[in-house]
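These notes are about the structure you will find just below.
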Amino acid sequence: MVDLSVNVGGLAMRTPVTTASGTFGYGAEYADALDYAKLGAVTVKGVRMEEWPGNPMPRHCEVFGGLVNAIGLQGPGAAPFAEHYVPHYAESVKDAPPLIVNIWGGSVNEYAETAATLTKAAHPLIAAIEMNVSCPNVKAGGHTFGQDPKILAEVVKAVRAATALPLFVKLAPNVPDLRPYVAACEEAGADALSLINTIPAMVIDVKTRKPVLGNKTGGLSGRCVHPVAVKCVYDAHRFSKLPILAMGGVYDANDAIELMLAGASAVAVGTATFTNPNAAAEVCDGIAAYCEANGFASVRELTGALAE
């Protein structure tokens, strides 16, 4: 029997597989579609302090090798999420895995306030916070928090002060060098990194000569971003001691194992869930089979085991 348990930044997971934020709703939506026992955690859709309507339709477009989406982080707000969505998840899913709650905001204070609200809810299933820093900083001209290491450090530090829950920071790959951003997270008190967020993208209808998405631009995910994710994980693992939750084009166990060999401690399945709701469970089974076939007693032995 292979030991599939991992601990990522203080978050104990029974398996190294979770879902990716924005692809799995708020946890209960797939209750009849996969075996949650194969999941070490469920990462829910992004939550901010107040209710948010998201972007205008259309919000997604399938492209070769992936998906471009501009949902716009539609959500119910932190308090309603904690008061209604989390209990519903607990009631709907037997032996429910812990929740990683993805948060976002338009200011440093809003990030901190959202984290504090979720922490004060004190629900045992709210087990970790994942910060989406690919959001516009309204008070700093609209540049995203994750594009300036100084601002990134400021917002991570503020959230760290607002919660004692394990803190993950989800970084985007569209920066010249990840090192200053990873260092900013590490120095500001993050417990782990989430890599990678979607890649900025755009699709144009050549017949109408108009953008396909209502928001004009969106985020690219799916198989096509997988090699980018592998490179980012490999780089971050080399110059940081922070554990990594990796995502980006994980469709099967081989994709997940590749990310773990590059340095990830756990993986998240995202876009694949839309075409195969049971994808995350199948990935977990495949990782276990790989470990058994290759003499790994623990899945933890895969992390960074790249032969160079």
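The values are calculated or read from the model by the stated rules, or taken from the named source; none is laboratory data. Here the structure is a predicted model, which is why all the values come from computation and not from measurement. Glycine also receives a Cβ, built like all others from the backbone with ideal geometry; neighbour counts cover every protein chain displayed.
A few points about this structure:
- Check on Gly106, modelled with pLDDT under 95 and out of contact with any strand residue (DSSP E or B) (no Cβ under 6 Å at 6 or more places or on another chain): yes
- Of the residues making up region 199-209, those that are closer than 24 Å to Pro227 by Cβ and assigned to a loop (DSSP other than H, G, I, E, B) number 1.
- Residue in region 60-69 that is surrounded by fewer than 22 Cβ atoms within 10 Å (Cβ to Cβ), at pLDDT 95 or above and touching an Asp or Glu at 6+ places or on another chain (Cβ under 6 Å) present: no
- Residues in region 286-308 that are under 16 Å from Leu259 (Cα atoms) and assigned to a helix (DSSP H, G or I): 9 in all.
Table: residues versus (1) assigned to a strand (DSSP E or B); (2) touching a Pro at 6+ places or on another chain (Cβ under 7 Å); (3) under 25 Å from Leu193 (Cα atoms).
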site	(1), (2), (3)
Asn7	yes, no, yes
Thr18	yes, no, yes
Asp32	no, no, no
Thr43	yes, no, yes
Ile71	no, no, yes
Val86	no, no, yes
Asp95	no, no, no
Ile100	yes, no, yes
Gly105	no, no, yes
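- Reported count of residues in region 210-243, each being in a strand (DSSP E or B) and under 19 Å from Gly22 (Cβ atoms), is 5.
- Total residues in region 39-68 satisfying the condition of being over 26 Å from Ala256 (Cβ atoms) and small (Gly, Ala, Ser): the figure is 1.
- Selection from region 110-128 of residues that are in contact (Cβ under 8 Å) with a residue 60 or more places away in the chain and hydroxyl-bearing (Ser, Thr, Tyr): Thr114, Thr117
- Condition check for Glu83 on (1) among the charged types (D, E, K, R); (2) modelled with pLDDT of 95 or more; (3) within 21 Å of Pro277 (Cβ to Cβ): one failure, at (3).
- Residue within region 238-248 that is more than 25 Å from Asn278 (Cα to Cα) and basic (Lys, Arg) present: yes
This table checks each residue for (1) more than 30 Å from Gly295 (Cα to Cα); (2) among the basic types (Lys, Arg).
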{"site": "Arg14", "(1), (2)": "no, yes"}
{"site": "Ala20", "(1), (2)": "no, no"}
{"site": "Leu34", "(1), (2)": "no, no"}
{"site": "Pro56", "(1), (2)": "yes, no"}
{"site": "Ala70", "(1), (2)": "yes, no"}
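- For region 161-181, the set of residues classified as part of a helix (DSSP H, G or I), buried (at least 18 other Cβ atoms within 10 Å of the Cβ) and not aliphatic (A, V, I, L, M) consists of Tyr181 only.
- Filtering Ala112, Ala82 for residues that are under 22 Å from Thr18 (Cα atoms) and part of a helix (DSSP H, G or I) leaves a single hit, Ala82.
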